[in-house]
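Asks: Before anything else, here's the structure in question.
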Amino acid sequence: MPEIAPNEMTLDELRMALAPLIPANAVFDGWSDKALAMAAAELGVPAPRARLAFPGGATEMIDAWFDAIDRGMAAAFPLEKIEAMKIRERIAGLVMYRLEVINPHKEALRRALAILAQPQNLALAGRLGWRAADRMWRIAGDKATDFNHYSKRAILMGVYGSTSLVYLDDDSEGLTATRAFLARRIDDVMRFEKVKAQWRGNRDRLPSLSRFLGRLRYPAV
């Protein structure tokens, strides 16, 4: 399929094309019209048209950037690659992929999180965090539809969020401090899941109060 010229893109296509270009400018100019205009110039479209693709301003730019990272993550972890990995390797790989992609634009992430932390943007921040966790689990092959569907995503939101905070202050080579922290968090989660599975197994073997009362009412002959 031939590549679409920027001046022929729909606003949705333009939004997707601009999203990966804005962070490099947001590092210096914040998530502003100036950063968007510089990204538009790089792509070769007028700044006024670029602004039409982000009528909500900074929060829509941030949303589009995170979405672009998700799309890149899905392409970087095809099914055959995921199937060859253990579950902890999948989650660690997906989280680190996101942070490595962000790393050249760490200051842009810092500025984005400051915007999302504003009271009027907290609901959006929650939705974006949930979306990231949901997409990571889906790529990892999770097909849970019961309570585990929600608990897994809530736990991964916590792991990803805390790891991101460590990452922001990590100046170690190869992000070794971040990787070590993430490994410890995943270890904690795996231990919790093991204990939870054991508790469920033991619970199934516990005497049933209803069965006990039934035997009292209808004793075996």
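Asks: Of LYS86/LYS143; LYS34/LYS106; LYS86/LYS106, which pairs sit farther than 23 Å apart, going by alpha carbon to alpha carbon?
Replies: Check vs 23 Å cut-off fails for LYS86/LYS106.
Asks: If you don't mind, another one. Can you give the percent of C-alpha pairs in the stretch 42-171 whose distance is more than 24 Å?
Replies: The share of Cα pairs beyond 24 Å in the stretch 42-171 comes to 34 percent.
Asks: Using Cα-Cα distances under 8 Å and only pairs 6 or more residues apart, what relative contact order does the stretch 64-185 have, in percent?
Replies: Relative contact order for the stretch 64-185 comes out at 28 percent.
Asks: Okay, moving on. Any chance you could give the angle, 0 to 90 degrees and rounded to 10, that helix 33-43 forms with the longest Cα principal axis of the chain?
Replies: Its long axis makes an angle of about 80 degrees.
Asks: Once the Cα atoms of helix 147-168 and of the chain are each reduced to a long axis, what angle between those two axes, in degrees from 0 to 90 to the nearest 10, is obtained?
Replies: Roughly 50 degrees between the two axes.
Asks: Treat the stretch 1-116 as a sphere of radius equal to its Kirkwood radius over Cα pairs and apply Stokes-Einstein at 10 °C in a medium of 1.306 mPa s; give the translational diffusion coefficient in µm²/s, rounded to a whole number.
Replies: Translational D for this selection: 105 µm²/s.
Asks: Kindly provide the helix-only [θ] at 222 nm of the chain, computed as the sum of -39,500 (n - 2.57) over DSSP H runs of four or more divided by all residues, to the nearest 500 deg cm²/dmol?
Replies: The per-residue figure over the chain is -23500 deg cm²/dmol.
Asks: Further, regarding this structure: Which three extents, in angstrom, do the Cα atoms of the chain have along their principal axes, listed largest first?
Replies: 89, 41, 39
Asks: Taking only Cα atoms, what is the 0 to 90° angle, nearest 10, from helix 106-116's long axis to the longest principal axis of the chain?
Replies: Result, in degrees: 70.
Asks: Step through the residues of the stretch 133-144 one at a time and calculate ³J(HN,Hα) from phi using the Karplus curve (6.51 cos²θ - 1.76 cosθ + 1.60, θ = phi - 60°), rounding each to whole Hz and writing x for Gly and Pro.
Replies: Whole-Hz 3J(HN,Hα) from phi for the stretch 133-144: 5, 4, 5, 5, 5, 5, 5, 5, x, 5, 10, 4.
Asks: Moving on to the next point. Given the C-alpha atoms of the stretch 52-123, compute the convex hull and give its volume per residue in Å³.
Replies: 114 Å³
Asks: Would you work out the Kirkwood radius for the stretch 105-198? I mean one over the mean of 1/r across all pairs of different Cα atoms, in Å.
Replies: The answer is 14.8 Å.
We did not get these values from a lab; they are worked out from the coordinates using the rules stated. Since this is a predicted model, take the numbers as computed values, not measurements.
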